[in-house]
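Every read-out reported here was derived from the displayed coordinates using simple, explicitly stated rules and does not represent laboratory data. Since we're looking at a predicted model, the values are computed, not measured. Ideal geometry is used to build each Cβ from the backbone, glycine not excepted, and the neighbour counts take in all protein chains shown.
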2 protein chains.
Amino acid sequence: MSNQQIWLEQISNLLKEDDDQQIRKELLAIEPADIEEVISQFSSFEDQLRVFRLTDDTEKRAELLSLLEDDLKLKLTEKADPQEITSLIEEMASDDAADFLADLENDVLVKEILKHTETEFRQDITKLLSFDEESGGGIMTSELCAFPNNLTVKDVLNSLQPETLKDPVMYVYVIDSVSKHFLGAISLIDLIHADSDEKIGEIAEPSSIWASLDEDREKIAAKFRKYNLWVMPVLDHRNQIVGRITVDDILDISIEEADEDIAIMTGTSEAVSHDANLMEAIRLRLPWLVVTLLLALTNAFVIGHFLKSLDKFIVLAAFPTVIAAMGGNTGMQSATVFIRELALEKILPEEFSSLVLRETLSGFLMGIVCGLIAALIAYIGIPILYGETSHLNPFILAKIIFFSVCFGMTSASLIGTLIPISLRKWGLDPAVAAGPFVTTMNDILSSFIYFFIATTLLKVFL
Amino acid sequence: MSNQQIWLEQISNLLKEDDDQQIRKELLAIEPADIEEVISQFSSFEDQLRVFRLTDDTEKRAELLSLLEDDLKLKLTEKADPQEITSLIEEMASDDAADFLADLENDVLVKEILKHTETEFRQDITKLLSFDEESGGGIMTSELCAFPNNLTVKDVLNSLQPETLKDPVMYVYVIDSVSKHFLGAISLIDLIHADSDEKIGEIAEPSSIWASLDEDREKIAAKFRKYNLWVMPVLDHRNQIVGRITVDDILDISIEEADEDIAIMTGTSEAVSHDANLMEAIRLRLPWLVVTLLLALTNAFVIGHFLKSLDKFIVLAAFPTVIAAMGGNTGMQSATVFIRELALEKILPEEFSSLVLRETLSGFLMGIVCGLIAALIAYIGIPILYGETSHLNPFILAKIIFFSVCFGMTSASLIGTLIPISLRKWGLDPAVAAGPFVTTMNDILSSFIYFFIATTLLKVFL
């Protein structure tokens, strides 16, 4: 039995026995993220509220509150005393507090909560809420340890008070005492070992890596990975430090971006969570399916149209799915490389043309191999299946299949690289290129290629 | 022009002018990750070696060495003086040093390099190299600050020497002075503010979150995300601390795992990088394409077989692609949810059955909607395209299409959830379920469903 299941059982039993004292004691030993998992398993809101209230430590309760699912956050906040919620969000790091308030999606309630907070905190939060969620400003926290360069090491060590710091601290930042410009950083460990009367301006390491307020969060995440950072200062346009971004948020963002890519590639508007309800999941998926359906029907009519004039050769009707499957998979493979590496900022624009060429060439070479295999199997298999009724020389059929598989795979590779690059240039998400829309468009193209080659070769040979 | 391009141009020019002095100066101001990018653009190995040697600071050169691409690492190490390489890997954190040596894939060379290192370092590295790369032991570093609980705060602060620490330090760990068991952690900031004569055992925060040596790295990454950690201690089976895992490695691992999932979902044995060479890319992709091809050909023979007996109704031949496309996309959507959330450790086993039910139900409901749309369009469109030649009452065709789309989508949803769950239970990667193999299997199933419904309804109505 997992820890989660044990906790769930214990707390459920204690709730039934009304043993609040014991629940408090149990909760003390459980991490907030685990309490959240237990709470999410309860079906009764009363039980959820009770466990929330029995989580004693304010800091822990604040963290629990920020971890709850959105609808429970809202229900609980509406039910609770606004004063209590205010004191809890004041415990949170400012970015978590801003995220919490944004998640409520209820402006009246947010105003009510903010009314009771301290002025400075309220200003911080209001400012954070005004930034684009996908920008440096939207993911930073405003708490930071920044000190003027004319302070001494001793001054700084004395003014670092653990209780006022909400997130882990590894560096203190140094700013110019007059212009307030960002100058650099000192790691805590260097600070401990520095001469206590030295000015911090003397020992700060100048840093060339920072984020700006309006920088895209994917670009910022790419910098964290490239330079192996744990924390990054955020500067405004006047070169003053206004916040810092921490790696735990970058980890969440990286996972989110990957999941978004996967969602788009597999045809969902956004990542559908396994605990989304039925109607929500359908709302996110059905539109893509309907678009796919309309394109697939177009393909059906293309196939139907050609077969009408080729109805003597009904054996031809068996192979459009093969050409489509091969083109689809090859194009998907090509697109995937570009989608992820574009997202991770790994491809330079000057590499585009050589990459398109390489992908197309590899599609062509693999097309020759697959085309030969398919042609051989059709050449042997069709006479066995159809005997004399196929009305089609198996050698011609094999040629048709060879050329369509080969050209289908080549064109799919070309398209699979060109589309993500073009989408990127137009500022759209390249992941769309592996989605059902582009895949089904490719199906239609492959039908045209197949029947074009079939009619051409049949005219030549008959 | 990007910074990278400016550096590349400047350094290329200086190389031509043989101005080593100026190159040294330029390199001082560039981060190792950026120097690596510049080096990777050079076509001449001589230039690469020269820039590497002109990177003055040893720490920086060590970081640069660890960042180089594998083949360049090997070439450079073979060319360089073993003593120099030894001094560089001694600069690296032990996990980076072990990764570097593993990347060389040359046991003779590795032995030669290790021969010159200090005994303790060599033992550390040899031990790290013995762990499974995907386990806690494989991703940890052995440098850590762990102190017996009977030391005082002052003792600890004095023995933390910045120059001996290779990775950022946020916590010191506390162990039992007798049993050496792990007791807990103290953040640096708390240490700074603690009473300097206090025993560290008194102020350590007990911690219930750690990794074990053989724990799977995906499970460890999930804990980092769940508990918002920056660093995690690694304990052996005797409950003694043997290393620590840092969040920058977890960030890389999370991206790698997501990319592996995407690669498998799109039919590549492992993530193909855009700078993989042509033959390497083909080697990774072609096997999947050939398997897909064989399955697609099987499907073609299934379709061919049924059409042989239904050749009066050639119009039926237009729609297998529609049923396959709809089933494929629906199944992919269902599978995706499970694949990623299973990988991120978000789904509990006890939720499986209700989730399978929900997915199947949503497939059925969406199948009704899509089936109705498809039937309506076929009912209107087919008489326009074929007139009297279709030999098939459009109402019967509409019925066939409605039932096959609806049942095709339902069964694809069911399969799309059952397969990832089963793969997981058998210890295989659930991402395979969205890959071309399962997708093409689904195509075959959809052909059977379609023709089964067609023959059944035609028998009833004719």
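Some points to look at:
- Selection among A:Ala258, A:Met366, A:Ala204 by position relative to the dipole of the protein assembly as shown gives A:Met366 as farthest towards the positive end (Cβ unit charges, Cα centre).
- Proximal lysine pairs, the stretch B:278-461, alpha carbons under 28 Å, eight or more residues apart or interchain: 6
- Using a Förster distance of 56 Å, the FRET efficiency for A:Gln4-A:Val460 (Cβ separation, nearest 0.05): 0.25
- Averaged over peptide A:202-210, the number of partner chain Cβ atoms lying within 10 Å of each residue's Cβ comes to 1.
- Using just its DSSP H runs of length 4 or more, each adding -39500 (n - 2.57), chain B gives a mean residue ellipticity at 222 nm of -21500 deg cm²/dmol after division by all residues.
- Partner shielding of A:330-339 amounts to 6, given as the average count of beta-carbon atoms from other chains within 10 Å of each residue beta-carbon.
- Distance between modelled label sites at B:Phe448 and B:Ser159, nm, 7 Å Cα→Cβ extension: 6.8 nm
- Using the average count of surrounding beta-carbon atoms within 10 Å as a protection proxy, the listed peptides A:298-307, B:434-443 rank, highest first, as B:434-443, A:298-307.
- Calculated FRET value between A:Leu278 and A:Ile209, using beta carbons and R₀ = 35 Å, to 0.05: 0.15
- Using a Förster distance of 45 Å, the FRET efficiency for B:Leu372-A:Ala33 (Cβ separation, nearest 0.05): 0.50
- Sorted shortest first, the distances from the A:Leu385 label point to those of the same residue in the other copies are 2.0 nm; each point sits 7 Å from Cα along Cα-to-Cβ.
- Pairs beyond 27 Å (Cα-Cα), from A:Lys180/A:Lys223; A:Lys111/A:Lys166; A:Lys75/A:Lys127; B:Lys16/B:Lys115; A:Lys60/A:Lys180: B:Lys16/B:Lys115; A:Lys60/A:Lys180
- When you filter the GluC sites (Glu not before Pro) in the stretch A:277-377 for DSSP loop state and at most 16 other Cβ atoms inside 10 Å of their Cβ, you are left with A:Glu345.
- Spin-label model, B:Thr126 to B:Gln83: label points 7 Å out along the Cα-to-beta-carbon direction sit 2.4 nm apart.
- Alpha carbon centroid spacing (whole Å) that separates the stretch B:12-87 from the stretch A:51-110: 51 Å
- Between the C-alpha center of the stretch B:379-412 and that of the stretch A:433-462 there is a gap of 22 Å.
- When you restrict to C-alpha pairs under 8 Å that are six or more residues apart and normalise by the size of the stretch A:278-461, the relative contact order lands at 37 percent.
- The stretch between B:Asp107 and B:Glu46 holds 19.4 nm of extra length on full extension. This uses 0.36 nm per residue minus the Cα-Cα distance.
- Span from the the stretch A:141-194 Cα centroid across to the the stretch A:336-352 one, whole angstrom: 38 Å
- Distances in nm from A:Asp20 to the matching label points in the other copies, shortest first (labels 7 Å along Cα to Cβ): 7.9
- Available extension along the chain between B:Val291 and B:Asp216 is 24.0 nm, counting 0.36 nm per residue and deducting the alpha carbon span.
- Compared with the direct C-alpha span, the chain from A:Glu202 to A:Asn393 gains 60.1 nm at full extension, assuming 0.36 nm per residue.
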